[in-house]
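> One structure coming up, written as structure tokens, with questions to follow.
The values are calculated or read from the model by the stated rules, or taken from the named source; none is laboratory data. Keep in mind that what you see is a predicted model, and the values were worked out from it rather than measured. Virtual Cβ from ideal backbone geometry, glycine too; neighbours counted across all protein chains shown.
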Amino acid sequence: MQDRMRGSKSNQMFSSPPKSQEYIPLQTRSDLKKTGERNITGKLPPPARSFVGIALPAVFAILFLFQCVHAEKPKTAQQSKNEIQKLIDAAEKGDGSAQLRLAYCYETGTDVARDELKAIEWYVRAFQETLQKAENGDAFSQWALGKLYRDGTGIVQDEGEAVRWYKKSAAQGNLDALNDLGELYYEGRGSRLPKNYTEAAKHFSEAAKRGCPSAQYSLGVCYSEGAGVPQSDPTALKWFQLAAKQGNINAIFNVAKAYQKGMGVDQDEKESFRWYEKAAKLGDAESQSIVGWCYATGTSGTPKNMEQALVWTRKAADQGNLHAQLNLAACYQNGEVGLTRDAKKAAEWYSKAANQGSPDGQYQLGLCHETGAGFARNEKEAMKWFLAAALQGHPQAKEKVLSRLKGVQPDHPD
């Protein structure tokens, strides 16, 4: 598969996927992502990463609220009212998970009017309920309490307490607690908890050998980077494959990348495509973009199929994948793959990419405003987006900005 750099002067349909690192470092929790197989709700969240990394939700309540936040279909007002009432009933009966979900709903205004005081009330009640169960020796509650302390959800953040409760839970065999301990040591928390890759790898290894897919994936990343263990692509691939067999979506992506790049295994683009397609079907946006590109170009032994190319590109674009958004914009701009030429929709997709910081999207959006394609002509808006792209080093955008500063208007857009 080719490395990508979309040509700014060309709107050619389906440029190749962006050049990637082989495996990127474990990501921070700010990405609000989870590998999926150990979600409390048992559902895979739509990934939102550029490339693979560990990322558990920053707010513990999100674990319990997944279906509420990521509903597949919009809910009616009555459905929302009914769901909230069920949560209130369960929370009043002392259900800790319901208390957390309800607190999060009040905090974010999900299915109910925002109410910070009620959010705080339910976070406190959830903490008290979890604390009592944890002190009575419940392993799950000990793990949950560790997460509350780790993220500062409803309480003051305290990494030391997080580690203490994780260790209690892990001592009772809770694999999630072992994995989360590994994450804490891997990421570190400044002077409060310095990074310790050796400790991280030790905890990942213990949980991985006992079958925890999140830990198997994490251990694979450690071996791919040589973090706390000797660097070894074959060993990294071994752990990625074990996690992938259990449905870990990030591990599936990394197995695909290994076959694509020949890392720890003979290069095999057909096998790479097979794994990318698995990840794409599980909802991974990056993989969907790659699969769409493969169908569009007939790459990796895949027969050209523009209908499938458009299906997968649209799926990725809808999830915010920049590369897919740019390609879909080009489809509408040029009337490609069975789409009617539509300058307004092209501009909308360029706008989505631009607002995510894509210099190509910013440049193309500037052209839309400059030429009146999809918008009324607006030189001020055009300059705004050309400047944004230029500041990121976009060569054609720099030319546009310089020509305006010199008072020379280009004869036609690039």
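> Keeping to region 339-373, report how many residues are under 21 Å from Asn321 (Cβ atoms) and either of a type in the set (Asp, Glu) or in a loop (DSSP other than H, G, I, E, B) (or both).
Count: 7.
> Could you check region 388-399 and list, in sequence order, the residues that are over 28 Å from the mean Cα position of the chain (by Cα) and closer than 14 Å to Ala354 by Cβ?
Ala397
> Tell me which of these Glu225 doesn't satisfy, since it passes every other one: (1) touching a residue at least 24 places away in the same chain (Cβ under 8 Å); (2) closer than 16 Å to Lys245 by Cβ.
Against the list (1) touching a residue at least 24 places away in the same chain (Cβ under 8 Å); (2) closer than 16 Å to Lys245 by Cβ, Glu225 comes up short only on (2).
> Here is a list: Trp385, Trp349. Which entry is at pLDDT 95 or above and more than 22 Å from Glu286 (Cβ to Cβ)? Can you show your working first?
Numbers: Trp349 fails: more than 22 Å from Glu286 (Cβ to Cβ).
Result of the check over Trp385, Trp349: Trp385.
> So which pairs qualify, if the first residue must be in region 165-191 and within 23 Å of Val229 (Cβ to Cβ) and free of Cβ contacts under 8 Å to residues at least 12 places away in the same chain, the second must be among the charged types (D, E, K, R) and outside any helix (DSSP H, G or I), the Cβ gap must be under 8 Å, and the two must be at least 6 apart or on different chains?
Once the first residue is within 23 Å of Val229 (Cβ to Cβ) and free of Cβ contacts under 8 Å to residues at least 12 places away in the same chain and sits in region 165-191, its partners that are among the charged types (D, E, K, R) and outside any helix (DSSP H, G or I) give Gly188/Lys195.
> A further question follows. Quick check on region 316-367: of everything there that is among the hydroxyl-bearing types (Ser, Thr, Tyr) and under 21 Å from the mean Cα position of the chain (by Cα), which residue is surrounded by the fewest Cβ atoms within 10 Å (Cβ to Cβ)? Explain how you work it out, then say what you get.
First, pick out the residues of region 316-367 that are among the hydroxyl-bearing types (Ser, Thr, Tyr): 332, 340, 350-351, 358, 363.
Filter once more, keeping what is under 21 Å from the mean Cα position of the chain (by Cα): 350-351, 358.
Working: Tyr350: 31, Ser351: 21, Ser358: 23.
Result: Ser351.
> Would a scan of region 295-303 turn up a residue that is in contact (Cβ under 8 Å) with a residue 24 or more places away in the chain and closer than 13 Å to Gly338 by Cβ? Please lay out each step first, then the result.
First, the residues of region 295-303 that are in contact (Cβ under 8 Å) with a residue 24 or more places away in the chain: 296-297, 299-302.
With closer than 13 Å to Gly338 by Cβ added as a condition, the list becomes 296.
So far as region 295-303 goes, yes, one or more of its residues are in contact (Cβ under 8 Å) with a residue 24 or more places away in the chain and closer than 13 Å to Gly338 by Cβ.
> Looking only at helices (runs of 4 or more DSSP H) that fall completely inside region 223-332, which ones have 1 or more residues that are closer than 25 Å to Pro359 by Cβ and among the basic types (Lys, Arg)?
Details: elements: 233-245, 249-261, 269-281, 285-297, 306-318.
Helices (runs of 4 or more DSSP H) meeting the threshold: 249-261, 306-318.
> Restricting attention to region 163-202, report how many residues are more than 10 Å from Trp143 (Cβ to Cβ) and in contact with a Gly (Cβ under 7 Å, 6 or more places away or on another chain).
Total meeting the criteria: 6.
> Here's another thing I want to ask about it. Hey, can you tell me all the residues within region 96-140 that are free of Cβ contacts under 8 Å to residues at least 24 places away in the same chain, of a type in the set (D, E, K, R) and either closer than 17 Å to Lys81 by Cβ or not in a helix (DSSP H, G or I) (or both)?
Arg114, Asp115, Lys118, Asp138
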